[in-house]
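The values are calculated or read from the model by the stated rules, or taken from the named source; none is laboratory data. As the structure is a prediction and not an experimental result, all values here were calculated from the model. Because the Cβ atoms are built from the backbone with ideal geometry, glycine has one as well, and the counts that use them run over all protein chains shown.
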Amino acid sequence: MLDCTGLLHLTSLQKLIIERCPLLENMVGERLPVSLIKLTIESCPLLEKQCRRKHPQIWPKISHIRHIKVDNRWI
């Protein structure tokens, strides 16, 4: 589980890459920082699946990000 709570303090964070986390399935916290423009998730099969399905536990935390790339595909 990824704890996003601390990331909210990174107010100028624009790009985030999450990769090679095969057991990562969920994110804890309200959402990722509003400053994020691009989120890339690679080689995280469980989290990728949740994002592609716009799972209600994940999607509200990332839906504000303009460019989301999951497993080399834009969603």
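Observations, loosely collected:
- For residue 40: the one exception among (1) more than 11 Å from the chain's Cα centre (by Cα); (2) under 16 Å from residue 74 (Cα atoms); (3) hydroxyl-bearing (Ser, Thr, Tyr): (1)
- Taken over the range 8-54, the residue count meeting the criterion of being hydrophobic (A, V, I, L, M, F, W, C), within 22 Å of residue 66 (Cβ to Cβ) and part of a loop (DSSP other than H, G, I, E, B) is 7.
- With respect to being surrounded by 13 or more Cβ atoms within 10 Å (Cβ to Cβ), within 17 Å of residue 74 (Cα to Cα) and touching a residue at least 24 places away in the same chain (Cβ under 8 Å), residue 17 falls outside the description.
- Taken over the range 55-66, the criterion of being among the charged types (D, E, K, R) and modelled with pLDDT under 95 is satisfied by 61 alone.
- In the set (1) among the charged types (D, E, K, R); (2) surrounded by 11 or more Cβ atoms within 10 Å (Cβ to Cβ); (3) over 11 Å from the mean Cα position of the chain (by Cα), residue 73 fails one condition alone, (2).
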